1. Counting only Cα atoms, I'd like the Rg/Rh figure for the range A:322-447, Kirkwood definition for Rh.
2. Collect residues whose amide H, placed 1.01 Å from N in the peptide plane, falls under 5 Å from the amide H of residue A:410; neighbours closer than 5 in sequence don't count.
3. On the protein heavy atoms, probe 1.4 angstrom, tell me the percent of accessible surface of the range A:403-533 carried by carbon and sulfur.
4. Accessible area per residue for the range A:490-692 in Å², computed with a 1.4 Å probe and the full protein assembly in place, what is it?
5. With a bin width of 10 angstrom, please list the P(r) values of the range A:643-694 as percents of all Cα-Cα pairs, from the 0 bin to the one holding the largest distance.
6. With +1 on each Lys and Arg Cβ and -1 on each Asp and Glu Cβ, and nothing else charged, work out how big the dipole of the range A:490-692 is about its Cα centre, in Debye to the nearest 20.
7. Given contacts defined as C-alpha pairs under 8 Å and at least six residues apart, what's the relative contact order of the range A:334-382, whole-number percent?
8. Cα-based Rg of the range A:431-485 per 2.2 N^0.38 Å, rounded to two decimals?
Amino acid sequence: MASADRATESEESLVSLYRPSTILPIARHRDALLYLVENYPVTIVVGQTGSGKTTQLPQYLHQARWTEEGKIIACTQPRRVAATTVATRVAEEMGVRLGEEVGYSIRFEDMTSPRTRIKYMTDGMLLREALVDPLLSRYSVVMIDEAHERSLSTDVLLGILKKIRRRRKDLRIVVSSATLQAEEFARFFGDEGESGEEERGGNRDEGDGDGGRKELAKIISLEGRCYPVDVLYLEEPAENYLEKAMQTVFDIHLKARSMNMHFPDKPSNVQALTSTLNKYRRVKGTFWREEIETAISTIMERAGDLHPRAPQILPLPLYAGLPSDEQLAVFDPAPENHRKVIVSTNIAEASVTIENIVFVIDCGFVKLRAFDPRTGIEALSVVPVSRASATQRAGRAGRTRTGKCFRLYTQRAFNDVMTEMGVPEIQRSNLAPVLLQLKALGIDNVVRFDFITPPPSELMARALELLFSLGALDDYARLTKPLGLRMAEMPVDPMTAKILLNSVNFQCTDQILSIAAMTSVQNVFITHEGSKKPAESAKRKFAVEEGDHLTLLNVYQAFAPKFNKPNAAKWCKDHYLNFRALSRAVSVCQQLRRYLDKFNLRVSSEGGGGTPTGEGIRRCLATGYFAHAARMQPDGSFRSVNGMQLWAHPSSVMFNRKADWVVFHEVVETGKKTFIRDVTVIEKDWLLEYAPGFYQLRK
DNA sequence: GAGCACTGC
């Protein structure tokens, strides 16, 4: 991993445009890898980006005949885009058509065929397959890639795989990890409490651990490929990180050759810039959209002072909410005599890789979604990044050549304040969806489930309580049938699943389908450059007094007939709506409808939903979202059932509007206030009617 | 009258 302590020798002379797979670092380890997979149930592969593990290892296994007798090699990824791009690349390397021997499977896209032997997929997708095939019997090898990211689905998969392995001695598990966590994975799989002689003693009882114990998991390290990165710290903490970041941008730009001025704790060791200008970006965590845009315009303004013939700066924003064509702009080569400066959220930390980054400015913070068991609500909060995360950010500067990373914090903060590793998602998430899924997989005793990092018991208790109140679990915490089982099968969170399944009783299936789809996509409403007023008035045309859910339904109903028509995108633009988000909502809606069809729930949209105030729809919402209820206070804020003070988000139609009781979709915490988004007016009596147990529990 | 990390099924 690139860091300040790394030796400074450079591999620049080895740079080549095309690297045939035979000379990737992994090629030298081919035999060792195959030996381990052959002889050990679990192989932990430690290797950095660029080592070739993701693309090569499945091919080696295929060549070594792990795909005989119709078996498949699975390789999971935490992100869709990784699954598709890697599959495309491997199909090319193998000279086959994508979807035949090599394919991928992600939500809405199954690019596989009966001939597929190597299958890249999202981790969530494999988890879903386990619901249908609990032993994952189609697969001979399951490779969990990027396991060190510890995504929710990856953690659940690891626990399930460990369980499956006891029943399937032929299964091989490969876990790819960063150095820091390799031992933890090995310990997890190694600590079986049962005999390790799975090759010979497949029929031995569990828990028989005497004698003949064999190591179950082996670690193998592949040399990575990256250049040294010089890491520099501030001497004093920055008062204003945004300002400091912009100063640093100009320091780098103007003084790249003697840039030790603001970072005196390190000798200059300056990278001589070649005639082509190098790009750099800052990886950030605490800025939001407006801050990024502020930084962009400020940099642009200050860049006006540069000598016209001096090298210029081209600042570019990058965040998930940006329209995709603007996102893609960061990949365009800079015009001649320009240096690209990419100001981004942490979308660039793991999801997007921009080549030719030589400088990274790391502000040292990250915004995380965390579930508060006390309030039962998920919210965002700002925390210092972990050292592992900071190392990852710094490493982004060393992809093409030796680079520099400017950390906008002190070395002391790095050593004393930051933790070694971030808290895994499973320890800070709403576990209701996870536990529901485990129950559906037949794992009844979820409290004793073998999590690699067990979640806090408060999170477990909260999740069980919610699932019980939703009717997914019975008095003995067993999955109810059909309700709980159906809820687990649907690809939405339990509260949404509940309103979908319940919509039949309120004769508003169509409407709830549309609402569920709309709340699952983000950024429905957009504003064009400098066009706040018209966007607001466009939105008012869809607005419904009773709240955001019905407003979203109006938007969906207006859009749906235009979907797939040639002028749909233009219609969206004219109405200040996000075409891509709405198109995705249509896909989600269709998928959810197929589930209801499968359950033989007659899709009907007559009756309650059709009334002017949408009472049936709002009642139905209350049957799932009762845990997200709040009451308006005299000062205009809301008070949640747990006593939290909440404010209607400015984007809500309930913003500055009078109401009594409401339910809401989600909570967003910013610096000063906690906001609720997607808010709908309900009656207090409905809460007592549909969730009497829940409201008795907390009085 | 104030402003939404990032994924995934």
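The values are calculated or read from the model by the stated rules, or taken from the named source; none is laboratory data. Quick caveat, the model's predicted, so the values are computed rather than measured. Every residue, glycine as well, gets a Cβ built from its backbone with ideal geometry; the counts of neighbours run over all protein chains shown. Calculation scope for accessible area: heavy atoms of the full protein, side chains included, ligands and nucleic acids excluded. Shrake-Rupley method; radii C 1.70, N 1.55, O 1.52, S 1.80 Å.
1. Over the Cα atoms of the range A:322-447, Rg/Rh equals 1.08.
2. Counting only residues 5 or more places away or on other chains, the set is A:234.
3. Carbon plus sulfur share of accessible area: 50 percent.
4. 47
5. Bins of 10 Å from zero give 23, 50, 24, 3 percent of pairs.
6. 660
7. Across the range A:334-382, relative contact order equals 22 percent.
8. Against the empirical 2.2 N^0.38 Å value, I get 1.03 for the range A:431-485.
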